[in-house]
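Engineer: Starting off with a structure, shown below.
The values are calculated or read from the model by the stated rules, or taken from the named source; none is laboratory data. Since the model is a prediction, treat every value here as computed from it, not as a measurement. When we count neighbours, we look across all protein chains shown, and the Cβ atoms used for this are built from the backbone with ideal geometry, even at glycine.
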Amino acid sequence: MTSDFLKYQAQTSTHPLAMEVSHAKGSYIYDTTNKQYLDFVAGVSACPLGHNHPKVVSAIKEQLDKYMHVMVYGEYAQQPAVALSKLIASQLPEPFEKTYLTNSGTEAIEGALKLAKRATGRSEIIAANKAYHGNTMGSMSVMGFEERKQAFRPLLPNVRFIDFNNSAHLNQITEHTACVILETIQGGAGFIEPTNGYLEKVRTRCTQVGALLILDEIQPGIGRTGKLFGFENYNCTPDIIVTGKGLGGGMPIGAFTASSALMDLLQDNPKLGHITTFGGHPVIAASALATLKEIIESRLMQQALEKEALFRKLLVHPLISEIRGKGLMLALILPDAEKVNHLILTAQNQGLILFWLLFEPKAVRITPPLTISNSEITEGCQTILDILDQIIDD
Ligand SMILES: Cc1ncc(COP(=O)(O)O)c(C=O)c1O
């Protein structure tokens, strides 16, 4: 299969891991030789309930037996999408009421940026250096990493970049600014948390000048940081919330949520201000609904913090200078990229899945399913420590 994978499936990774996947269950993925891999990555934060959670699988199967795609987004009332949007609203403070469901995170970012322009009549967008919001043209325009953008220019005009956590840069947000878009916790940059009331200060400045605040919760959202939405940790409420990844419970999804007053603008001048064929797909929405219900009704969010504490207690090693992040969104910082590569590749050989972060070569991603058990955490951490010991011995 690997040779066909490399020959027929377009590759953009220079070194794909190329594991031949057979099946997956709970915290484990199995390859075609039936070797099991403990998953500390969860499809890059996209499988909060692990693999093939029985409640998610049965919700999908039940919906499959009723109907799949029947109409483009927003024309027919379809129970899974309606119930999902209502459940999201029930978990948010006023005035968040309406959710637009998309097929991916980046598409939800596009919708949010369009909504901010439409609502303010302004075109300037402010984003953060080292930000990652997706790979379509609008999202890429607000990506704060020039090296990955240069070949694709021209991108959106009128985008300015500020340093995340630098309050001195906030005066660049002005009456010309349509929106400020930030990840609540910067992901690709190395799991950088907002500090010193930064998000609160951004909120205040946006309100002062009439700019909208968009928080990208695609990675920190849906329980990973101990709260349903990451921003609940930082005393800051945005105008538009963008979610994705874990919301789908292993199925492709994105969503942006705002007040009715804002969202209704997409109905008018022009009408059909954002359209999609498959957004809100009933099978995907059924999977997301089952996932979100399980996360809200279980203790998984509180446990994310207890499990973070266990990771931090176990992962003490001279080669780990720092563990960044919150809850089950953690990054080990090693001395250099070579050691990171060695750890990730050796761990995979030994049956433990770890991964890189986009823009921080010294970081090792640990974003396991929220359902991971304490004994699985202990087992995986021991593998990491053994490999790091070996690096020192060599
Ligand atoms: C913070 C953040 N925003 C946006 C995206 C894009 O989401 P998607 O890959 O579903 O388009 C990602 C994906 O990694 C992300 O981590």
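Engineer: Looking at (1) in contact (Cβ under 8 Å) with a residue 24 or more places away in the chain; (2) within 22 Å of LEU370 (Cα to Cα), can you tell me which one PRO54 breaks?
Structural biologist: (1)
Engineer: For region 190-227: of the residues being over 12 Å from the mean Cα position of the chain (by Cα) and within 16 Å of the ligand (Cβ to nearest atom), which is surrounded by the most Cβ atoms within 10 Å (Cβ to Cβ)? Steps first, answer last, please.
Structural biologist: Of region 190-227, the ones over 12 Å from the mean Cα position of the chain (by Cα) are 190, 192-214, 226-227.
Those left that are additionally within 16 Å of the ligand (Cβ to nearest atom): 190, 192-194, 199, 213-214.
On the way: GLY190: 20, ILE192: 19, GLU193: 20, PRO194: 22, LEU199: 25, LEU213: 25, ILE214: 28.
Per the criteria, the residue is ILE214.
Engineer: Taking region 139-154, which residues are within 16 Å of the ligand (Cβ to nearest atom) and either more than 17 Å from LEU182 (Cα to Cα) or surrounded by fewer than 18 Cβ atoms within 10 Å (Cβ to Cβ) (or both)?
Structural biologist: Taking region 139-154 and keeping what is within 16 Å of the ligand (Cβ to nearest atom), we get 139-145, 148-149, 152.
Residues satisfying the conditions are PHE145, ARG148, LYS149, PHE152.
Engineer: Of all the residues that make up region 24-34, how many are touching a residue at least 24 places away in the same chain (Cβ under 8 Å) and over 17 Å from THR346 (Cα atoms)? First the steps, then the outcome.
Structural biologist: Kept after step one, since they are touching a residue at least 24 places away in the same chain (Cβ under 8 Å), are these residues of region 24-34: 24-27, 29, 32.
Applying the additional criterion that residues be over 17 Å from THR346 (Cα atoms) yields 24-27, 32.
Within region 24-34, residues that are touching a residue at least 24 places away in the same chain (Cβ under 8 Å) and over 17 Å from THR346 (Cα atoms) number 5.
Engineer: Oh, and also: For region 365-390, enumerate the residues that are crowded, with 18+ Cβ neighbours inside 10 Å and over 25 Å from GLY249 (Cβ atoms). Write out each step before concluding.
Structural biologist: Here is the first cut: in region 365-390, the residues crowded, with 18+ Cβ neighbours inside 10 Å are 365-372, 376-377, 380-381, 383-384, 387-388.
Within region 365-390, CYS381, THR383, ILE384, ILE387, LEU388 meet the criteria.
Engineer: Pairs, please: C-beta under 8 Å, at least 6 apart or cross-chain, first residue of a type in the set (Lys, Arg) and in region 133-159, second more than 10 Å from the ligand (Cβ to nearest atom) and at pLDDT 95 or above?
Structural biologist: Close Cβ pairs (under 8 Å, with a partner that is more than 10 Å from the ligand (Cβ to nearest atom) and at pLDDT 95 or above) amount to ARG148/MET140; LYS149/MET140; LYS149/SER141; LYS149/LEU155.
Engineer: Okay, next question. Report whether or not GLY187 is at pLDDT 95 or above and either within 12 Å of the ligand (Cβ to nearest atom) or not assigned by TED's automatic domain parsing to the domain that holds LEU247 (or both). Talk me through it step by step, then tell me what you get.
Structural biologist: Details: at pLDDT 95 or above: yes; either within 12 Å of the ligand (Cβ to nearest atom) or not assigned by TED's automatic domain parsing to the domain that holds LEU247 (or both): yes.
Judged against the criteria, GLY187 is a match.
Engineer: Restricting attention to region 231-266, report how many residues are touching a Gly at 6+ places or on another chain (Cβ under 6 Å) and small (Gly, Ala, Ser).
Structural biologist: The total comes to 2.
Engineer: Tell me which helices (runs of 4 or more DSSP H) are completely within region 1-77 and hold 3 or more residues being away from the ligand (no atom under 16 Å from the Cβ), or say none if there are none. Walk me through how you get there before you give the answer.
Structural biologist: Details: elements: 2-8, 42-45, 54-66.
Passing ranges, in order: 2-8, 54-66.
Engineer: Inspect all residues belonging to region 341-362 and state whether any of them is more than 27 Å from PHE229 (Cα to Cα), surrounded by 22 or more Cβ atoms within 10 Å (Cβ to Cβ) and either more than 23 Å from the chain's Cα centre (by Cα) or assigned by TED's automatic domain parsing to the domain that holds GLU147 (or both).
Structural biologist: yes
Engineer: Same structure, new question: Just one of THR136, THR102 is within 16 Å of the ligand (Cβ to nearest atom) and surrounded by fewer than 15 Cβ atoms within 10 Å (Cβ to Cβ); which is it? Break it down stepwise before answering.
Structural biologist: Values: THR102 fails: surrounded by fewer than 15 Cβ atoms within 10 Å (Cβ to Cβ).
Criteria check complete, one pass: THR136.
Engineer: Going through GLY230, GLY246 one at a time, which residue ends up being crowded, with 18+ Cβ neighbours inside 10 Å, closer than 23 Å to PRO194 by Cα and in contact with a helix residue (DSSP H, G or I) (Cβ under 7 Å, 6 or more places away or on another chain)?
Structural biologist: Working: GLY230 fails: in contact with a helix residue (DSSP H, G or I) (Cβ under 7 Å, 6 or more places away or on another chain).
None of the others qualify; the one that does is GLY246.
Engineer: Checking the condition in a helix (DSSP H, G or I), in the same structural domain as GLY273 (by TED's automatic domain parsing) and surrounded by 22 or more Cβ atoms within 10 Å (Cβ to Cβ), which residue from ALA89, ALA108, ALA83 passes?
Structural biologist: Details: ALA89 fails: surrounded by 22 or more Cβ atoms within 10 Å (Cβ to Cβ); ALA83 fails: surrounded by 22 or more Cβ atoms within 10 Å (Cβ to Cβ).
Answer to the selection: ALA108.
Engineer: Name the residue, out of VAL364, VAL340, VAL316, that is away from the ligand (no atom under 16 Å from the Cβ), hydrophobic (A, V, I, L, M, F, W, C) and free of Cβ contacts under 8 Å to residues at least 12 places away in the same chain.
Structural biologist: On the way: VAL364 fails: free of Cβ contacts under 8 Å to residues at least 12 places away in the same chain; VAL340 fails: free of Cβ contacts under 8 Å to residues at least 12 places away in the same chain.
Matching residue, one of VAL364, VAL340, VAL316: VAL316.
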